[in-house]
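Remarks on the structure that follows.
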2 protein chains.
Amino acid sequence: MKLKVYVDRMSQPSRAVIIFCKMNGIDFEEIKVDLAKRQQLSPEFKEINPMRQVPAIVDGRFKLFESHAILRYIAGVFPGVADHWYPSDIFKRAKIDSVLDWHHSNLRRGAVTYIINSTLAPVLGLQLNPQAAAEGEKMLSASLGKIESIWLKGTGRFLLGSSQPSIADLSLVCELMQLEIVDEQDKNRILDPYKKVQQWIEDTKHATKPHFEEVHVVLFKVKEKLQSQRSRRTAFPSKL
Amino acid sequence: MKLKVYVDRMSQPSRAVIIFCKMNGIDFEEIKVDLAKRQQLSPEFKEINPMRQVPAIVDGRFKLFESHAILRYIAGVFPGVADHWYPSDIFKRAKIDSVLDWHHSNLRRGAVTYIINSTLAPVLGLQLNPQAAAEGEKMLSASLGKIESIWLKGTGRFLLGSSQPSIADLSLVCELMQLEIVDEQDKNRILDPYKKVQQWIEDTKHATKPHFEEVHVVLFKVKEKLQSQRSRRTAFPSKL
């Protein structure tokens, strides 16, 4: 029976799981749970994931949620997954676990807080909140500084000095891709000080092509839409 | 060479790591990093953990931080650790990973936000913030509701219906023990609706005795101190 992957490509951890499956030739069925239509709250999806969040998977009789747990599980049960994604060496694996655990309360929290409060709030029926956006940006920038100075300090192209990407690279870069939808000037202001981070994003995209770009198409469409809204607002401020 | 464990027993993930080592008869050296004295910011500790947070470990030449990664690592490299803590069965292990990953952005975030803004802020040189405390409490209560209805719904005494505790039980219960230092009435108000959660806390304490109580002694001392401050404030409000 095919692995079932419940996702919305607008969700960054969903994208990480889809790209991971595609990169490793896993035969899976992608089932869209449309967050804009609040399908994650449906009784049917509650049976899949009682936390009502994407991504979630069903593998035969086994159900699982939380993207990092899913990535670890897939790396463990599907024999075709290359070792560099989640090495069997316990020391390398522990270091990757450390990055993944750190991600939740640092990069992810900063990025999500910034992006929602600076850009996405109206789409979610909320008000923009400049103070919360500023707090999110502070946490995001601090996290980028840590990635640059601690995990990208070696000569390897990927986190922890590796020459090939792990599930941590994929998870964290998918998080940062969410910055595509904020105002271009703001995105550049935030990323500009971190040259190694910028190169690492490019290297991760390159190492996971063509899947990375293909899975992000939906995000780029939203980016275009928001950009055109912003341009109209600048051109005809009195009309809006 | 002994495992070195850098901790402050006032930090809930630090306590989880110490209790885990003691429960499993691991020969380790506990090195205190006094957060009240800001020792985590010292140049010496930066060499141990560049993120400047406890807990962190040094095992021979290997350094690691993030408590969940540390618990997984210790379970993997020390041969005396009983399987129930972090089962080798990939399905059981994935479910525990799912709980641990969920913890960061839900129970932990809610509990820390509530406790700092309702109680601990003055100790940290910050102002109490009732609005942030209310937001934290909301997230904390929602998380307790999820634990009660999803992970404690079976007949087992521990998370995921298990008959013995895992590293997830230990991590989450140590988090909740931090509620000991808030006002007793507030603690009761928050925990009262969740009878299974209360029983699970007691069961986890019991399954990890005598180490659980012993490692929490420092927290109970802070609890007494704060309680006596609160009593004085009630008795002589005009003096404070």
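None of the figures in this text is laboratory data; all of them are computed from the coordinates on show. On a predicted model such as this, the values are computed, not experimentally measured, just so you know. Here the Cβ is made from the backbone with ideal geometry for all residues, glycine too, and neighbour counts use every protein chain on show.
Overall, the ratio between the Cα radius of gyration of chain B and 2.2 N^0.38 Å, rounded to two decimals, is 1.03.
Here the Karplus relation 6.51 cos²θ - 1.76 cosθ + 1.60, evaluated at θ = phi - 60°, turns the backbone of the range A:103-109 into coupling constants of 3, 3, 9, 10, 4, 5, 4 Hz, with x for every Gly and Pro.
Couplings for the range B:140-151, taken from phi via the Karplus curve 6.51 cos²θ - 1.76 cosθ + 1.60 with θ = phi - 60°, read 4, 5, 4, 5, 4, x, 5, 4, 4, 8, 10, 8 Hz in order; Gly and Pro are left as x. In terms of other Cβ atoms within 10 Å, B:THR234, B:THR204 run from fewest to most in the order B:THR234, B:THR204. Taking a straight line from the alpha carbon of A:LYS32, these aspartates and glutamates sit under 20 Å away, with near neighbours fewer than eight places off in the same chain left out: A:ASP8, A:GLU44, A:GLU47, A:ASP59, A:GLU66, A:GLU175, A:GLU213, A:GLU214. Dimensions of the range A:108-205 from C-alpha coordinates, computed as largest minus smallest value along each principal axis and given longest first, are 43, 21, 20 Å.
Structural size metrics of the range A:192-240, computed from C-alpha coordinates, are Rg and Dmax of 15.8, 46 Å. In nanometers and ordered shortest first, the copy-to-copy spacing of the A:PRO50 label point, defined 7 Å from Cα toward Cβ, is 4.1. The helix-based estimate of mean residue ellipticity at 222 nm for chain A, built from -39,500 (n - 2.57) per DSSP H run of four or more residues and divided by its residue count, is -15500 deg cm²/dmol to the nearest 500. Quick one: 3J(HN,Hα) in Hz for the range A:162-175, Karplus 6.51/-1.76/1.60 with θ = phi - 60°, rounded, Gly and Pro as x. Result, ordered by residue: 7, 8, 9, x, 10, 5, 5, 4, 4, 5, 6, 5, 4, 4 Hz. By the beta-carbon count within 10 Å of each Cβ, the least crowded to most crowded order of A:LEU128, A:LEU107, fewest first, is A:LEU128, A:LEU107.
For A:LYS32, the distances from its label point to the matching points in the remaining copies are 5.9 nm, ordered from shortest, with each point set 7 Å beyond Cα toward Cβ.
Computed over the alpha carbons of the range A:148-195, Rg followed by Dmax gives 12.2, 32 Å.
Principal axis analysis of the Cα atoms in the range A:3-81 yields extents of 35, 25, 19 Å, listed in decreasing size. Nearest chain B C-beta to the B/A rotation axis, reported as residue and distance in angstrom, is B:HIS104, 2. Taking the label point 7 Å along Cα→Cβ, A:ALA142 and its counterparts in the other copies are spaced 2.3 nm apart, in ascending order.
After finding the eigenvalues of the alpha carbon gyration tensor for the protein assembly as shown, what semi-axes result from the square roots of 5 times each, listed largest first in whole Å? Here the semi-axes work out to 35, 28, 24 Å. Take each residue of peptide A:101-108, count the partner chain Cβ atoms within 10 Å of its Cβ, and average: the result is 6. Annotation: amide H-H contacts under 5 Å for A:MET10 (H modelled 1.01 Å from N, sequence separation of 5 or more, or interchain): none.
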